Structures are given as C-alpha cells and as structure tokens.
There are 2 protein chains.
Amino acid sequence: MQEVQEKVFPDEQGLRARKRQETHARIQAEGLRLFIEKGFDGATLDEVAAAAGVSRRTLLNYFGSKEEIVFSLKAQIPEMIAQAVAARPCDEPLLDMVEGGLADVAARFQTPDMLDLTRLIHQTPALQAGDHAKYEGVERLLAQTLAERKGLAPDDVACRVAAAIGVSIMKLAGEAWLAHPDEGPERFGREAFAVLRRMAGQRPPP
Amino acid sequence: MQEVQEKVFPDEQGLRARKRQETHARIQAEGLRLFIEKGFDGATLDEVAAAAGVSRRTLLNYFGSKEEIVFSLKAQIPEMIAQAVAARPCDEPLLDMVEGGLADVAARFQTPDMLDLTRLIHQTPALQAGDHAKYEGVERLLAQTLAERKGLAPDDVACRVAAAIGVSIMKLAGEAWLAHPDEGPERFGREAFAVLRRMAGQRPPP
DNA sequence: ACTTTTTCTTGCACTTCTTGCATATTTGCA
DNA sequence: TGCAAATATGCAAGAAGTGCAAGAAAAAGT
C-alpha cells in the first residue's frame, strides 16, 4: 500500500493522457511542416504519419481528416472570441462589443506560426473552403454570445448581423495581414469598422 | 453542290454543341435529383453517371468534381449580381447600391428548385464549405464592381467592406428563407440592412 | 462522297482519402 | 500480478479524382 511518490510530475494526470497529447502535437507539427514544405496536396497522409511516428490509421484516429490537422491549430479561436466578447461591459453598443472582442483576440494571434498557417490556407482551395465553413461556426457562436450578453433572443437579428459583420471584417483583416505581414490584422480591422460606421451612418437621400 | 435545306433548325450552331448542352443539363438534373433523394454522400458518381447515360469519366470531364454538379446551378449568380449593381445610379450610397442590387437578384431566385438546392447545401457539410468558398468569389467580384462604378481603387476599403456586408446578409437571408420558405429571402435582407444602419449609426458614448 | 482532322467519349490503371472491423499492444487499476 | 479498458495497427473495401491512350462521332476539307 505504498502510495508514496506515485507521481513524479503531479500535473500530468497519467501516462496515457500525456502520450496522447504528445502524439497529437507531433502530428500537428509534422503535418504543418510538411504541408508548408510540399503543399497541402503535395504531402500525403502516409508521409505525415511516418514523420510523426504513427500509422496512417492512427493518425486518422486522432484527426478524422487531413484538413483537421490544419484546422486544429485554430480550434481555440471560437472559444476565445466568445470569452473576449463576454468580458465586455454589457451596456456597450453591439458593434463596439464585436470590434473590441475581435481586436483582443486578433492581437493574441499575431505569431509567425499563425501567419504561416494563414498563408497555407489561402494557398490551398480545399483549405479555404473549410476555413470559411469554420468561420460560420464562429459567427454562430458570436451571435449567441452577444444575445446572451444583451439578454436578447438567441436568434435576434441585430446580434446575427453584428456577428456576421464582425466575422466578415475578421476575414478581410486576415487577407490584409497576408499582404502586409509587418502590420498585423488589427489596424485594418479598426479601419474597416470605422469605414463601416461612416458608411452606414449616412442616411440615403430622400 | 446542293446547299439547300442544309439546316432545318437554323438557331442550333451544330449538333456537337447541342449534344454537349443536353448532356450537361442531364447530368445536372439527374445529379440534383439523386442528391436530394439519397443525400449528397449517399449517391455515388457512378449512379449519377448511369442515370445521365454517360460514363463516370465523361461526367468528371463535364464537371471536374462532384461538388461542381451542385454549384453549377448557382454559377450565374455572381455575374447577375455584378450586373444588377452596375445598373444602379452611381451617385447612390455604397450600401444602397449593394442592398438594391442584391434584392434584385434575390427576387429572381425564389424558385422551388433553388429552395431545394439551398436545402441540400445546408444539409451537407462538404457542400456548405464549398458554398462559402463560392461566396468569397461573389464578394470579390462585388467589391470590384462597386469600385469601378464609383471610380475608386480596386482594393478600396469601403467597397470591400460594403461587399462583405452584402454577402454576409445574403447568407443570413438564405438561412432565413429555409426557416420560412413562404416569405422569401428579401424581407429578411431588408430588415437586416435596416438593423445595420441603425446599429452603425449610433456612435459609441465618449 | 470520301478522307482527314478535330473533338468527344470511354475504359483502364493508379493514387489518395476515408471508414469499418478484427486483432494486437499498452496502460490503468484492484 | 492479472484483469479490464483504452489505444494502436493492419487489412480490406469504397469512393473521388487524374492521366493516358484507344475508339467513336462530328466537322471540315477536297
């Protein structure tokens, strides 16, 4: 019954979980490396699996599809956006909540790795499609978060429009980042929101 | 050298072209029918090809991919939008140009077939991804058209933002159409634009 | 009318992604 | 240690997509 020194590393909740995380990370890293090196279509799953030291079957066990290896690197974004928006004062106008929340998150994602990833996605049609699909999930979650924060119905039109606009500008900012990697997406995003307010503010002539 | 009565149907520019159009249309029709009946993933290319009376190889010769069979039914939309926007008075505010142009096009697409197609796409993850990707093409073309109409630079921020907003609202309107097939997407689109103006008009408190 | 040339169709082989299933192998726990 | 659960792997099969070359059909030239 010697329970002493059962775990040398107290934060790891078991060898199994740790190995799983390591394998996951190894597939991600090797996958991204090979995709950038040889193109997403140029690198096969067998190559990635071999580089990660697992069988192809196991790789697909971890990721479900080739695309998922790429998108898993962005998997945290939706939740981060939701949190950033939820942290805003609830008396703030909808559009400001969105602008502020997205700017917070964008600032945290200006890493070289993320730039590489963004480049890869924009170079690959198949990944672009998947990327846009993921953004729709973001939009949905964002709209819902806004509605909760404001105490409105989950399908409130204003919240959905605000979320849609936020995501649209986020996409544009991503493209702008690729064009000007030294600036980061934030500046463009701010400008886009400013332009939007100016544009929508002016009423059409009667 | 009797060239008399060479062609009974003068408007057909050759048997080859006509057959091509017929085959194209037959694959579209049978494809859509089978996809709706058995699901996009439930129907194989072999089945569609057989139903259309061609080989699988020929089908892929016409369409390039399974998805293209579906999206070819929406292929005219980008051009229609560009035309509708280009037909607007050029002194109109950007947002009004977009709203008006999109409403024109939307009105022309409220057919039962298009509703079926929209349903199919929204039921199928793979098609949703492709759909969003196509919308990006629309957005790009729309932004460019706006810039030309206004005599601005092709990458003008205001035009890009206006285009992005228009496409976002178009997507939302499509979803609203699925939820309320009796109304059509127009009403929701109008409301969304109104909400947007109201939202963006109110300046944040200093 | 006949031949030539061009275009289209088809079959075949091949690669790759993806899934299902059965079978080891490893890890956690009593 | 020994049993149960989770994990890894191999194998088989299905389906999408691509390249190639032979065959069929239409158009053009003579």
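The values are calculated or read from the model by the stated rules, or taken from the named source; none is laboratory data. Because the structure is predicted, anything quoted here is derived from the model rather than measured. Virtual Cβ from ideal backbone geometry, glycine too; neighbours counted across all protein chains shown. The area values use the complete protein model at the heavy-atom level, side chains included, leaving out ligands, DNA and RNA. Shrake-Rupley method; radii C 1.70, N 1.55, O 1.52, S 1.80 Å.
Under a Cβ-only charge scheme (Lys and Arg +1, Asp and Glu -1), can you give me the dipole magnitude of the stretch A:15-71 about the Cα centre, in debye to the nearest 20?
The calculated dipole for the stretch A:15-71 is roughly 400 debye.
Can you tell which of B:Cys159, B:Pro78, B:Gly53 lies farthest toward the positive end of the dipole of the protein assembly as shown, using +1 and -1 charges on the Cβ of basic and acidic side chains (Lys, Arg; Asp, Glu)?
Value computed over the given set: B:Gly53.
How far is the Cα center of the stretch B:103-181 from the Cα center of the stretch A:95-125, in Å?
Using only Cα atoms to place each centre, the spacing works out to 23 Å.
What is the sum of charges, Lys and Arg at +1 and Asp and Glu at -1, for the other residues whose Cβ falls under 13 Å from the Cβ of A:Glu183?
-2
For the pair A and B, how large is the buried accessible area, both sides, in square angstrom to the nearest 100, if the probe is 1.4 Å?
3100
For chain B, modelled as a Gaussian network with Cα springs under 10 Å, which listed residue fluctuates most, B:Val85, B:Val157, B:Val98?
Of B:Val85, B:Val157, B:Val98, the most mobile in the Gaussian network model is B:Val157.
With the label 7 angstrom out along Cα to Cβ, how close does B:Arg57 come to the same site in each of the other copies, in nm, nearest first?
In ascending order, 3.4 nm.
Need the per-residue list for the stretch B:111-143: every residue with at least 10 Å² less accessible surface in the complex of protein chains than in the chain by itself, probe 1.4 Å, sorted by number.
With the partner chains in place, the stretch B:111-143 has these residues losing at least 10 Å²: B:Gln128, B:Ala129, B:His132, B:Ala133, B:Glu136, B:Glu139, B:Arg140.
Keeping all protein chains in place, calculate the accessible area per residue for chain B (probe 1.4 angstrom), answer in Å².
Accessible area per residue, chain B: 53 Å².
What translational D, rounded to a whole number of µm²/s, comes out for the protein assembly as shown from Stokes-Einstein when the hydrodynamic radius is the Kirkwood one over Cα pairs, at 4 °C and 1.567 mPa s?
The estimated diffusion coefficient comes to 54 µm²/s.
Under 8 Å for C-alpha pairs, at least 6 residues apart: give me the relative contact order for chain B, rounded to a whole percent.
17
Output the relative contact order of the stretch A:90-180, whole-number percent, from Cα pairs under 8 angstrom with separation of 6+ residues.
Once normalised by length, the contact order is 35 percent.
With +1 on each Lys and Arg Cβ and -1 on each Asp and Glu Cβ, how big is the dipole of chain A about its Cα centre, in debye rounded to the nearest 20?
I would put it at about 240 debye.
Can you pull the accessible area of A:Phe40 for me, 1.4 Å probe, Å² to the nearest 10?
Counting only protein heavy atoms, A:Phe40 exposes about 10 Å² to solvent.
Would you mind counting up the charge near B:Val98? Only other residues with Cβ under 13 Å from its Cβ, with Lys and Arg at +1 and Asp and Glu at -1.
+1
Give the total of Lys-Lys pairs in chain B with Cα-Cα distances below 19 Å; include a pair only if its members are 8 or more places apart or on different chains.
Number of lysine pairs found: 7.
On the accessible surface of the stretch B:30-167, probed at 1.4 Å, how many percent belong to carbon and sulfur atoms?
It is 51 percent, rounded to a whole number.
Residues with beta-carbon under 12 Å from that of B:Leu120, excluding B:Leu120: net charge, scoring Lys, Arg +1 and Asp, Glu -1?
It works out to a net charge of -2.
Using only protein heavy atoms and a 1.4 Å probe, report how much of B:Trp177 is accessible, in Å² to the nearest 10.
Looks like 20 Å² after rounding.
For labels at A:Ala86 and A:Gln110 in the simple 7 Å Cα→Cβ model, what's the distance in nm?
About 2.7 nm separates the two model spin labels.
Normalised by the residues of the stretch B:15-66, what does the relative contact order come to in percent, with Cα pairs under 8 Å and at least six apart?
31
To the nearest 20 Debye, how big is the dipole of the protein assembly as shown about its Cα centre, given +1 on the beta carbon of each Lys and Arg and -1 on that of each Asp and Glu?
That gives the protein assembly as shown a dipole magnitude of about 160 debye.
Suppose you put the label 7 Å out from Cα in the Cβ direction; list, shortest first and in nm with one decimal, how far A:Asp91 is from each other copy's label.
Going from nearest to farthest copy, the values are 4.4 nm.
What does the convex hull of the Cα atoms of chain B come to per residue, in Å³, rounded to a whole number?
Once divided by residue count, the hull of chain B is 190 Å³.
Mind pulling up the Rg/Rh value for the stretch B:15-66? Radius of gyration and Kirkwood radius, both on Cα.
On the Cα set of the stretch B:15-66, Rg over Rh gives 0.97.
Please name which of B:Val195, B:Gln144, B:Ala106 has its Cα lying farthest along the dipole of the stretch B:76-201 towards the positive end, using unit charges on Cβ (Lys, Arg +1; Asp, Glu -1) and the Cα centre as origin.
After comparing all options, I get B:Val195.
Could you state the angle between the C-alpha long axis of helix B:15-38 and the longest principal axis of the C-alpha atoms of chain B, as a value from 0 to 90 degrees rounded to the nearest 10?
70
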